[in-house]
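S.K.: Can you read through this structure? Questions will come right after.
The values are calculated or read from the model by the stated rules, or taken from the named source; none is laboratory data. None of the values given here were measured: they were computed from a predicted structure. So basically every Cβ, Gly included, is an ideal-geometry build from the backbone, and we count neighbours across all protein chains shown. Please note that ligands, DNA and RNA were not included when accessible areas were found on the heavy atoms of the full protein model with its side chains. Shrake-Rupley method; radii C 1.70, N 1.55, O 1.52, S 1.80 Å.
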Amino acid sequence: MVIVGGGVMGASIAFHLAEAGVRDILVVERGDLACGSSGKPIGGVRAHFSDPLNIELGRRSLRAYQDFSHRPGADIRLDTVGYLFLLTDERQVTEFTESVRLQNSLGVPSRMIGADEAQRLCPYLSTEGLVAAVHSPTDGHARPGLVVHGYAEAAARAGVRFATHTRVTGMDTIGDRVSAVHTDHGRVACSTVICAAGAWSEQIGAMVGVDLPVRPVRRQLAFTERLSPPAPRIPFTIDFTSSAYFHNSDESLLLGLADPRQPDGFDTTWTPEWLDLFRDVVRRRAPALATTPTVGGWAGLYEVTPDHNALIGRSGDIPNFLYATGFSGHGFLQAPAVGEIVRDLHLGREPCVGIAPMSADRFRAGSAPRPEAHVV
């Protein structure tokens, strides 16, 4: 078996397969493990979504992250500070109220709160223009790089091999099955291929004629200088209208925002000018952050699908080609559950979560769209 991609998804899949007794697994990664988006430290983990399937993937993954120190056995710096979505108009309040009702019915203890309570949870906030907020106390953030290496080290102990700095250049098929993967280090015969290549998945699928509609979009963030006095412990706070967000990161704060004008592409150059967008937004919402000095940042890639839902499944045309990609910014927080699901698909078991709606075929089949409303 060949797993393409050594990020959090590939590492989780490798761990879950090896734990289930699958042998002769090779993970192929174009750089170092976690060198792509998985190595970036946004790290949000949540079950706060509008779609029942995304809620369940988030819930299962949260439980796995809470138990990560025991299985597979690594400290991932999980901090259950909660998520705080800030709402600025009545339409948002109506939509989030409905989502909270759904989340509560599925066991997620989120709740609508007023502006004053939101400010108590996050003292940086100004309540001007803040209509309401949503607090989900069991959510939080962890360190993606630690998760990737925790999964990978446990998988390696179970016999999984990792080929880093190795690019996939093509695949051979015999009839309707993949028979080998070609890399810049040689040919690998295989019985199964699993695509977990993130933003590069469309090219991997195209090698065997499988359409994986994933486009790469740059996202940027920055870190404040070390704060003195230290920052209060705050939720992962998101201004939903603008997508600006911030949370604690060691002795500083992590600051982020999705630029709606960002074109598609693989460029991961960090541009400090991007901070002007963030500061323009938070000048009203969290005024102190508009002038807090920063000490650098980074850019990474979102892997975005047309409806902002993941692609998870088995190709109908190439049955031994499986895929888990297109998570549109939610891959890290869903990775443990998706590792279980892909394990079950490979072993012919009924997955723990029904993922038929996540099939890549949904776009060509003209299925009704299932857009996820709570996208950042």
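S.K.: ILE194 - would you say it is touching a helix residue (DSSP H, G or I) at 6+ places or on another chain (Cβ under 7 Å) and either surrounded by fewer than 20 Cβ atoms within 10 Å (Cβ to Cβ) or touching a residue at least 24 places away in the same chain (Cβ under 8 Å) (or both)?
M.R.: When the stated conditions are applied, ILE194 passes them.
S.K.: Considering every residue within region 292-304, establish whether at least one is touching an Asp or Glu at 6+ places or on another chain (Cβ under 6 Å) and open to solvent by less than 30 Å² (accessible area, probe 1.4 Å).
M.R.: The answer is no, given that none of the residues of region 292-304 is touching an Asp or Glu at 6+ places or on another chain (Cβ under 6 Å) and open to solvent by less than 30 Å² (accessible area, probe 1.4 Å).
S.K.: Under the condition of being touching a Gly at 6+ places or on another chain (Cβ under 7 Å) and buried (at least 18 other Cβ atoms within 10 Å of the Cβ), which residue from region 113-137 is farthest from LEU33 (Cα to Cα)?
M.R.: ALA132
S.K.: Looking at this structure, is ALA206 closer than 25 Å to CYS35 by Cα and surrounded by fewer than 20 Cβ atoms within 10 Å (Cβ to Cβ)?
M.R.: yes
S.K.: Please verify whether region 285-293 includes one or more residues that are touching a residue at least 60 places away in the same chain (Cβ under 8 Å), farther than 19 Å from PRO216 by Cβ and within 23 Å of the chain's Cα centre (by Cα).
M.R.: Scanning region 285-293 turns up no residue that is touching a residue at least 60 places away in the same chain (Cβ under 8 Å), farther than 19 Å from PRO216 by Cβ and within 23 Å of the chain's Cα centre (by Cα).
S.K.: Checking CYS352 against (1) hydrophobic (A, V, I, L, M, F, W, C); (2) more than 30 Å from PHE223 (Cβ to Cβ); (3) at pLDDT 95 or above, which test does it fail?
M.R.: Going through the list (1) hydrophobic (A, V, I, L, M, F, W, C); (2) more than 30 Å from PHE223 (Cβ to Cβ); (3) at pLDDT 95 or above, CYS352 breaks only (3).
S.K.: Here's a follow-up. Within region 74-116, track down each residue that is among the hydrophobic types (A, V, I, L, M, F, W, C) and more than 27 Å from ALA286 (Cα to Cα).
M.R.: Within region 74-116, ALA74, ILE76, LEU102, LEU106, VAL108 qualify.
S.K.: What residue, of GLU19, GLU29, is among the charged types (D, E, K, R), closer than 26 Å to VAL168 by Cβ and open to solvent by 40 Å² or more (accessible area, probe 1.4 Å)?
M.R.: Matching residue, one of GLU19, GLU29: GLU19.
S.K.: Quick one: which of SER12, SER38 is buried (at least 19 other Cβ atoms within 10 Å of the Cβ) and modelled with pLDDT of 95 or more?
M.R.: Only one candidate qualifies: SER12.
S.K.: For SER50, only one of the following conditions fails: (1) open to solvent by 40 Å² or more (accessible area, probe 1.4 Å); (2) assigned to a loop (DSSP other than H, G, I, E, B); (3) within 23 Å of ILE355 (Cβ to Cβ). What is its number?
M.R.: The number of the failed condition is (1).
S.K.: Let me ask something else about it. Output the residues belonging to region 64-92 that are open to solvent by less than 70 Å² (accessible area, probe 1.4 Å), in contact with a strand residue (DSSP E or B) (Cβ under 9 Å, 6 or more places away or on another chain) and over 20 Å from ALA156 (Cα atoms).
M.R.: Of everything in region 64-92, those that are open to solvent by less than 70 Å² (accessible area, probe 1.4 Å), in contact with a strand residue (DSSP E or B) (Cβ under 9 Å, 6 or more places away or on another chain) and over 20 Å from ALA156 (Cα atoms) turn out to be LEU78, ASP79, THR80, VAL81, GLY82, TYR83, LEU84, PHE85, LEU86, LEU87, THR88, GLN92.
S.K.: Still on this model: Which ones in region 352-366 are open to solvent by less than 30 Å² (accessible area, probe 1.4 Å) and within 23 Å of GLY150 (Cβ to Cβ)?
M.R.: VAL353
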